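One structure is given below, encoded as C-alpha cells.
What follows is calculated from the coordinates using simple rules that are stated; it is not laboratory data. This structure is a prediction, so every number in the text was calculated from the model and none was measured. A quick note on method: Cβ atoms are made from the backbone with ideal geometry, for glycine too, and the neighbour counts reach across all protein chains shown.
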Amino acid sequence: METPPIYGLPQDTLHQIFSALPLRQIMICRSVSKLFHQLLTSPCFLHLISTRSSLRLIALRPPHHHHNHNHRHVSSPPCLHVFDPDQIQWLRFSLDFLPFRSLHPVASSLGLVYLWGDSSPSSSNDASFSAPNKSLVVSNPLTRQFRVLPQLGSAWSRHGSVLVDSAASRVMVLTELAALYFSSSGGSHQWLNFSSNLPSKPRSPIMVSDSVYALCDVGSPWRSQWKLFSCAIARMKSGSSSSQNWNRLERHEWGDVFDILKRPRLVRGSGNRILMVGGLKSSFSLNSSCSTILILRLDLETLEWDEAGRMPVEMFRCFQESSKFKVFGSGDTVCFSAKRVGRLALWDRCSGKAEWRWIDGVPGSGDGLCRGFVFEARLTPLW
C-alpha cells in the first residue's frame, strides 16, 4: 500500500498539527498506528501539549474496605473509574502500570492523580508478614508515568487527608495533630513534619493558593458548632507556636452562615473561592430537618458569601431519607451521593449556567456512599 502523505511530514509539523486537536481526539489517534503512538507519546509532544488541552472528568475512589483490606487472592486489574459529563459516559483508565497493591486514588491536580499504594510483597507465600508499607504515588494514567513520594506509615493513609495545590507541586497530608508537607520545587526530597493542633478533627480540608482551609467543630458533645479555620503554609513551615498557626475566619457580617447548614463540607471552588455545602436547616432546633442542600460560595479576597446553588426539591427528595450524604468536587463541579440513592447528583456550572442533573450507571452496586474528586485529564509530564 502507498504510504499516506502525512507520514512524510517533519515531526515538528506533525506535533503542531496534533497539538491543535482536543485531548479526546489525541487519545484516539494514539491507537491508529505505531507511528502515531510513538509520535504522540514522545517527551517533546507531551511537553508541547501538557498545558493546551484537558478533559474534565469525575473520578471515583474505591470503597474504604477495598483500601484497607489486605488482599490474598487474585483480583481484577486495578483501574480508575471516571465519568465524562460532556459525553455522558463512564470510562476506565487502567492502573496496571503501577507496581503496587491495594491502590487507592485520593486526589488530583492538573492531570496528575495521587494514590496510596501498598508496597509490601504481593505473594501470600512470602515469609514476611509485617505490616504493609504505604507510599503516596503520583501518576498520570494517560502517559502511564508515575513517581513514588517518600514512604509514609500506614497511619497516615488511614487518617490523613491528602491536599494538592493547583500547581500540583505541593502536597500535604493533614490530620488533627500533625501535617506532612512535600514540595517538588524545593531542595528537600523528604516530608516535612509540622504540628497542626487543630481544635478538632478537620473536616474536608482544602488547599487554595498558599493556604489551607478546614472546618472544625468547636461546639459541645451535645451540639456541633462549625467554624472555618485557615493557615498559611509559610506560617506552618516557620516553626512558630502551632496554636498560633491557625486563624478562625469570622466576620460580624457573616451572621449565622455556619448555623444554617447541617453537616457542612468544604469544596475548592474556582479561582480564589471556596464552596461550603450542607443541608439547609428548616429551623435552628437541635434535630432540625433539612429542606434542601445548599451551596454557598466565599470570595477569599472580599470575604463575602453568596449563594451559588441549591438542589431542586424533586432531586433532594432522594437524599431526604438518608442520614448521611457525601460531597466531592472542585471548581464549578460538585457531586452528591447517598446510600440507596443508586446514582450521583451533579451540580455543574462550567458552561457558565448552573444546572443540576443525575449521573446514572455508577460502577459497582451503585447504592452505597461514593467518594471521589474532579480529574482534569491532561498529558502532563511528571515533575
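In loop segments of the range 260-327 as defined by DSSP, the GluC sites (Glu not before Pro) with at most 13 further C-beta atoms inside 10 Å of their C-beta are Glu301, Glu321. Excluding same-chain neighbours fewer than eight residues apart, the lysines reachable from Lys262 by a Cα-Cα span under 23 Å are Lys201, Lys227, Lys281, Lys324, Lys326, Lys339. Note on the chain: Kirkwood radius taken over Cα pairs, Stokes-Einstein applied at 20 °C and 1.002 mPa s, translational D equal to 95 µm² s⁻¹.
Normalised by 2.2 N^0.38 Å, where N is the number of residues, the C-alpha radius of gyration of the range 8-49 stands at 1.01. Sorted on the mean count of surrounding Cβ atoms within 10 Å across their residues, most packed first, peptides 263-270, 24-31 read 263-270, 24-31.
Using the 2.2 N^0.38 Å rule of thumb for compact globular proteins, work out how the range 282-381 stacks up: its C-alpha Rg over that value, please.
For the range 282-381, the normalised Cα radius of gyration comes out at 1.20.
Once both labels are positioned 7 Å from their Cα atoms along Cα-to-Cβ, the gap between Asp299 and Ser169 label points is 2.9 nm.
Measuring r between the beta carbons of Ser285 and Leu369 and using R0 = 25 Å, the FRET efficiency lands at 0.40.
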